[in-house]
Amino acid sequence: AAGAARPADPGLTAVFLHEYSHARQSPTVKRLFQRAQEQFRQHKQPDNDDSLQARFQDDPAYVAVWEKETALLYQAAAEPDEAKARELALEALALMEARQKRWFVGPEAMWKIYDDLYLSMEGFGQWVAYAWLSGPKGAGMTTDAAREKMRGRRRQWSQEEGLGLFLVIDRFVPDWPQRAFAEEPTLGIDLLRLAAAEPAA
């Protein structure tokens, strides 16, 4: 009908929820950022979560590893067989650890903590928006549609890998919010270690 209000674009709500998640998470990780800044105070600090991408995106070997580990995370999240999914998550974790050990050394050592922090923050933000988009009380999208909407053009590394990371974490670590928001928060890479571990008998 003429003059009827259009329903809000669910993408706008998703963006708001992503950004709001940072406000919710920032007090939890503030001390970790402060520690990193103090430890590496002789280095220029990253401007934002895209700084690591800007530093390494011209290195084809780095990009190849990042692409493979990211693909493995999404495969692990979608794999119906739980044992196989954990194997895929473990492969992704091994690549992530090897990437950090290979490239984040010497004058580049500070990138290790920032990689962990930004994957945790952006991954959480992406997951919150995804959860709302796919929730029956949210946008009501299918999980596939919600995931693809949040992946978008897949150009921002921390958001692209972070969502895959938290999809795996949410599948296998049911108490991850309590761990992620503890006084000493568990970051995404450590939550992935829990996700990839064999379940207790």
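Taken together, the values in this text are just the output of simple stated rules run on the coordinates, not laboratory data. Note that this is a predicted model, so its numbers are computed, not measured. Here the Cβ is made from the backbone with ideal geometry for all residues, glycine too, and neighbour counts use every protein chain on show.
Here are a few things to note about the model shown:
- Angstrom value of the Kirkwood radius, inverse mean 1/r, which spans all Cα pairs in region 51-104: 11.7 Å
- For region 62-133, the convex hull drawn through the C-alpha positions has a volume of 87 cubic angstrom per residue.
- With distances taken between every two different alpha-carbon atoms, region 19-58 has a Kirkwood hydrodynamic radius of 11.7 Å.
- Listed cross-link partners LYS30/LYS84; LYS44/LYS84; LYS44/LYS137; LYS112/LYS137; LYS112/LYS149 are compared with a 32 Å cut-off, the Cα-Cα value being larger for LYS30/LYS84; LYS44/LYS84; LYS44/LYS137; LYS112/LYS137.
- One quarter of the surface of the convex hull around the alpha-carbon atoms of the chain equals 13.7 nm², the direction-averaged projected area.
- Helical content of the chain, expressed as a calculated mean residue ellipticity at 222 nm, amounts to -23000 deg cm²/dmol (DSSP H runs of 4 or more residues, -39,500 (n - 2.57) each, divided by residue number, nearest 500).
- Global size of region 116-165 as Cα Rg and Dmax, reported in angstrom: 10.5, 31
- Region 12-104: C-alpha gyration tensor shape, a/c 1.5 cut-off, then a/b vs b/c: oblate
- Under the simplified labelling scheme, the ASP190-ASP81 pair shows an inter-label distance of 3.3 nm, with each label point 7 Å from Cα along Cα→Cβ.
- For the pair LYS137 and ALA61 in one chain, pulling the backbone fully straight at 0.36 nm per residue adds 23.1 nm over the alpha carbon distance.
- Choice from LYS112, LYS84, LYS137 with maximal GNM fluctuation in the chain (Cα, 10 Å cutoff): LYS137
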